[in-house]
Every structure is written in C-alpha cells, then in structure tokens.
Amino acid sequence: MYQTKKKYIKPEMKMADLIFENPSLLLFMEHFKPDILLHDKSVAQLCVENNISLEVFVSIANLYNGFNFTEVKNYSEHDIECIIKFLKNAHNYYINEKYLEIQSLIEQLYLLNDLPEIKLIGKFFNEYFEEVKEHLFYEDKIVFPYFKQLLGINDPNTDENRVDSFSVNEYRDHHTDIQSKLNDLKSLLLKHIPVQNDKALRRKIILSLSELEYDLDIHSLIEETILIPSISKLEKDLK
C-alpha cells in the first residue's frame, strides 16, 4: 500500500528501509556520495564510514521526507563542507542527467506530434535550461569557491580576482528561484498543449518535471536556510 506519511529520520534507523519507504532518498544519497552499498547499515554508520556530517545528513534527509527545519542550528565547518559537496553533486545531476532526460522526452513528443505548440515547449525549456546553467556556473565558479576559501579549503577552480571581492550578501541578493518556471511548463502541458499520438510521453515529461522541481525546492531551501546563514556567521567571526 502506498504511504504518504513518511518517518522522521533518526540516526539509528536502517537506510535501506528508509529508501524502500521513500525512493526519493536514493537521489538524496547520490548527492552525497554516488557509490554507497547499504547492506543493513544505519544512518549513523553510513555517515561515520563515509565522513559525512550526521547532523547535515539527517537534516536534509528529513527535508526529502517532508519535514521542514524546526530550528536554526550552529553548523560546524565540516558540516558546511558537506553541504557544499551535496549541492555541487546536485548541480552535476541537474546538468548531466535530469535536464537532458527532459529535453529528450520533449523531442520525442514533437516527433510524434508535429505541432508548433510542442515546438514552443521545447524552445521554452531550452531557454530555461540556459538560465539554470548560468546560475549553477555562478555558484560553482564564484560562490562555492568563496565559501571554501573562508573554510580554509583550497579549490583549484577559484578565480582569485572575483572571489576576493565577493561576500555572502552579494550571493543573497542574487539568489534566484530557478524552479518556478517548471510549474509554468507543467501547466502548459496539462492545460493548453494538445497531445494525440503519445499521451504516455506527456505523462513522463510532467512526472520528470515534478521530480526536478521537488529536488530544486529542497536545493534552494538548503541554500537559504542553512548555507547562507552559516556563511554569514563565519564571515562575521573571521572579521
């Protein structure tokens, strides 16, 4: 039977059992470390064995299970490093897997339904994808190297000239909601685009867009609720 209510995740729980209950946690795991064989290990065991912050792991896992943050915590430098790694791995997934998957599905839909409306969907998505890549590139090349610099971590991708004049306030001011347009795209597909030859493809596109939107919502929440406040505090401490 399908369950809508998920468990509140605790360190002693078995990770495999949690994934059986909520398969989205498998993607969550990949954002931390792609190749982890679970066996019968608990959440705490996995974190210790793979040098992952237990505090961060449990906090983000519970976001995937539908529980928002209840308090602002003091995250350590190791915690922040783990968060940055999680977000960078998520960027790689968005660019090299999920967006390409959706592009392919839209192209297939157009081949089966030679309609100008569907071609516009593809144009809309491609333009959106370019905006997203620009946003993620900015984070990977400017924001995250700056955060690592504050933590005393050397990053070969750091542009010293741009990073030295940066601050978390600049990032906060320019932080954008990159998932909002996905809802517009789903609305177009559901309400306005006639699909006659393969409704299954439209269903797959909408489900894939929903999965991406869900993951991006959590991604933004982590940045706004954990990362930005933590880096802001670190900046003040260093000054």
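The values are calculated or read from the model by the stated rules, or taken from the named source; none is laboratory data. Only a predicted model underlies this, so the values are computations on that prediction, with no experimental measurement involved. Because the Cβ atoms are built from the backbone with ideal geometry, glycine has one as well, and the counts that use them run over all protein chains shown.
A few comments on the model shown:
One line per residue, one yes/no per condition, for (1) without any contact (Cβ under 8 Å) to a residue 40 or more places away in the chain; (2) in contact with a Pro (Cβ under 6 Å, 6 or more places away or on another chain); (3) assigned by TED's automatic domain parsing to the domain that holds residue 221; (4) over 18 Å from residue 221 (Cβ atoms):
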position: 27; (1), (2), (3), (4): no, no, no, no
position: 32; (1), (2), (3), (4): no, no, no, no
position: 41; (1), (2), (3), (4): yes, no, no, yes
position: 44; (1), (2), (3), (4): yes, yes, no, yes
position: 60; (1), (2), (3), (4): no, no, no, no
position: 69; (1), (2), (3), (4): no, no, no, no
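- Checked against the criterion of being of a type in the set (Phe, Trp, Tyr) and closer than 27 Å to residue 6 by Cβ, the candidates 138, 64, 110 yield just one match: 64.
- Just so you know, in segment 88-101 the residues that are surrounded by fewer than 20 Cβ atoms within 10 Å (Cβ to Cβ) and among the aliphatic types (A, V, I, L, M) include one that is nearest to the chain's Cα centre (by Cα), and it is 95.
- Boolean, residue 32 is within 24 Å of residue 213 (Cα to Cα), touching a Phe, Trp or Tyr at 6+ places or on another chain (Cβ under 7 Å) and among the aromatic types (Phe, Trp, Tyr): yes
- Considering 201, 216, the condition of being over 22 Å from residue 92 (Cα atoms) and surrounded by 14 or more Cβ atoms within 10 Å (Cβ to Cβ) is satisfied by 201 alone.
- Any hit, segment 83-90, residues being among the aliphatic types (A, V, I, L, M) and outside the structural domain of residue 219 (by TED's automatic domain parsing): no
- Members of segment 162-197 found to be of a type in the set (D, E, K, R), within 25 Å of residue 108 (Cα to Cα) and at pLDDT below 85, listed by number: 181
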